[in-house]
Amino acid sequence: GEPLGRLARAHQEAQAAVDTARYSEAIDLLDVIMAIDQAFQTTQVTQLMRRALNSYALSLYNQMQPAAANVIAGRAAELGLIDGNIEYERYAANLYLSARAGAPLGDPNAIADLNELLNAGAGGRYYAEAQRLLYNLYVARGDAFAAQNEFCPAAIQYQNAVRVLPSGVANGKLQTANAFCANATPTPDPFAPPPFEGTPIPGLAPVGQPGT
């Protein structure tokens, strides 16, 4: 009847939309078909929805829109239609988004997330951005220590930054921090016991000397 004819036309339009990379339009058409009649050409509709969702998500990841891509990937996952490569893309995007939010705050979790992205290899789509974020995070931590005249811990943070990117502002800061660290006067420990100034107890020889 007429409803089936309408669904068949919508299905053809959805197919044409996927074929011409109009994925959002295809998903909307397929949603309508599934809402009206879940039994209509179930296999073909499901396969087309899988292709539309995964292709759309990948195109958004390729455009460096990870948050938007994750929404589409999440929809694919809810329907049980997510492809393995998109599953991994979503995982990497979540690491990146979490680190991007936490890095300016010095969040230790951001360091772990960024290192994981870097460990995935230089071919990863977030590699360069992860390098930049981690470098800036270590420099900011070094600056925070240096501002308190704590140059030895500052030098460690600048050294971490140089390991991430060998050239940049951290190099000069590292040399300065190392110089101050080498000449630093140890801060007296306020909790250390005072030096002994009493008279030795008779009969107890100092350690290492024969008794009297």
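The values are calculated or read from the model by the stated rules, or taken from the named source; none is laboratory data. Just so it is clear, the structure is predicted and the values come from calculations on it, not from any experiment. Glycine gets a Cβ as well: all are built from the backbone with ideal geometry, and neighbour counts include every protein chain shown. Note: areas computed on protein heavy atoms with side chains; ligands, DNA, RNA excluded. Shrake-Rupley method; radii C 1.70, N 1.55, O 1.52, S 1.80 Å.
Structure values in brief
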| quantity | calculated |
| --- | --- |
| Contour excess over end-to-end distance, with Cα ends at residue 24 and residue 78 and 0.36 nm allotted per residue | 17.7 nm |
| Whole-percent carbon and sulfur share, accessible surface of the chain, 1.4 Å | 56 |
| The chain, relative contact order in percent, only Cα pairs under 8 angstrom and at least six apart counted | 9 |
| Rough spin-label spacing in nm, given labels placed 7 Å along Cα→Cβ, for residue 148 and residue 50 | 5.5 |
| Residue 176 - accessible surface, heavy atoms, 1.4 Å probe, Å² rounded to 10 | 70 |
| Residue with peak Gaussian network fluctuation, the chain [Cα springs, cutoff 10 Å], from 55, 167, 98 | 167 |
| Candidates 106, 142, 123, ranked by Gaussian network fluctuation over the chain, Cα under 10 Å, top entry | 123 |
| Segment 16-56 versus segment 80-151: alpha-carbon centroid distance in Å | 35 |
| Residue-normalised accessible area of segment 1-160, given per residue in Å² at a 1.4 Å probe | 52 |
| Residue 156 paired with residue 129, simple spin-label distance in nm, labels 7 Å along Cα-to-beta-carbon | 3.1 |
| Degrees, to the nearest 10: 23-36 long Cα axis against longest axis of the chain | 60 |
| P(r) histogram, all alpha-carbon pairs of the chain included - 10 Å bins from 0, percent | 8, 22, 17, 14, 12, 10, 7, 5, 3, 2, 1, 0 |
